[in-house]
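Contents: one structure, followed by commentary.
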Amino acid sequence: MFYEMKNLKLHVERIGQGQPLLILHGWAGHMAPMKAVFEPSFTSESTIERIYIDLPGMAESVATLSVLTTDFVLESLLEFIQAEIKDPLLLAGYSYGGYLARAISAQIPEQIKGLFLLVPMIEPAHDKRQLPDVDWFYETAICKQARKKSDAFWLVQNEVALDQLRKHYGLQKSIAQVPVFEKPTLILLGQQDGTVGYKDQLKMLDDYPRASFAILDMAGHNLQMEQSQVFNFFVKNWLERCEKNG
């Protein structure tokens, strides 16, 4: 289905019924890889409605190029939440989607019941990120297998849209400092993540006093595929904590 708003046609897929869980993919991605890794945590009896989207300007979500910035993406997601979800929701974001999820939870904390940040991008400027030297990891079987799985989801993107968005990659208002979020949180990082790293994310630990925080060995930016069993365990634990929190 599509949700239409000014300057945007947002591609959305909703699965199941119950507590809404909005799941945001990463940069130049789309919803299919997120469905592949999240859906194994649910059954037909699950009381959680999974809401997958293609971010504005990516995959099937078409946006007006002249307005396409990360601020526009954030504003569009907030509008979608208020118009189509309304109820308190759980929120998960991968990489660039984690950057957006963090901004959303800072703006409407009262509406977010739980937050999951999967290898979140924290520093928009690539040259300012603290990245580990992990060339050796790219040659390991576990990394190559995960990359092969990831490549299977490769999708031709609108490069013009991505180029426009890349010019305005960071939010105008920094989220280096956000209000303390005191609800069940999960933060998963890869010790061998050469894309966003893990050291910059340590700075935000005090912002999430109810976070389960893990840095996994033999895990890079495809942590959810490289360490799928651990990923599934933490996701289920986070969902249980969110449910018990009411």
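A short reminder: the numbers here are calculations on the coordinates, not readings from a lab. Quick caveat, the model's predicted, so the values are computed rather than measured. Positions of Cβ are generated from backbone atoms using ideal geometry, with glycine treated the same way; all protein chains shown enter the neighbour counts.
How many of the residues in region 211-231 are within 14 Å of Leu117 (Cα to Cα) and assigned to a helix (DSSP H, G or I)?
Counting residues in region 211-231 that are within 14 Å of Leu117 (Cα to Cα) and assigned to a helix (DSSP H, G or I) gives 3.
Report, ordered by the first and then the second residue, all pairs with beta carbons closer than 7 Å, sequence separation of six or more or different chains, a first member in region 102-116 that is surrounded by fewer than 21 Cβ atoms within 10 Å (Cβ to Cβ), and a second member that is of a type in the set (D, E, K, R).
Pairs found: Lys113/Lys183.
For the structure I just gave you, tell me whether Leu155 is in contact (Cβ under 8 Å) with a residue 24 or more places away in the chain, within 19 Å of the chain's Cα centre (by Cα) and part of a loop (DSSP other than H, G, I, E, B). So that I can check it myself, show each step before the final result.
Values: in contact (Cβ under 8 Å) with a residue 24 or more places away in the chain: yes; within 19 Å of the chain's Cα centre (by Cα): yes; part of a loop (DSSP other than H, G, I, E, B): yes.
It is true that Leu155 is in contact (Cβ under 8 Å) with a residue 24 or more places away in the chain, within 19 Å of the chain's Cα centre (by Cα) and part of a loop (DSSP other than H, G, I, E, B).
As an exercise: evaluate Ala176 against (1) in contact with a Leu (Cβ under 8 Å, 6 or more places away or on another chain); (2) assigned to a loop (DSSP other than H, G, I, E, B) and give the number of the one condition it does not meet.
(1)
Taking the residues in region 139-152 that are over 23 Å from Ala32 (Cα atoms) and either among the charged types (D, E, K, R) or in contact (Cβ under 8 Å) with a residue 60 or more places away in the chain (or both) as candidates, determine which candidate is surrounded by the most Cβ atoms within 10 Å (Cβ to Cβ).
Checking each candidate, the answer is Thr140.
Within region 202-210, is there a residue that is aliphatic (A, V, I, L, M), surrounded by 21 or more Cβ atoms within 10 Å (Cβ to Cβ), touching a residue at least 40 places away in the same chain (Cβ under 8 Å) and not in a loop (DSSP other than H, G, I, E, B)?
no
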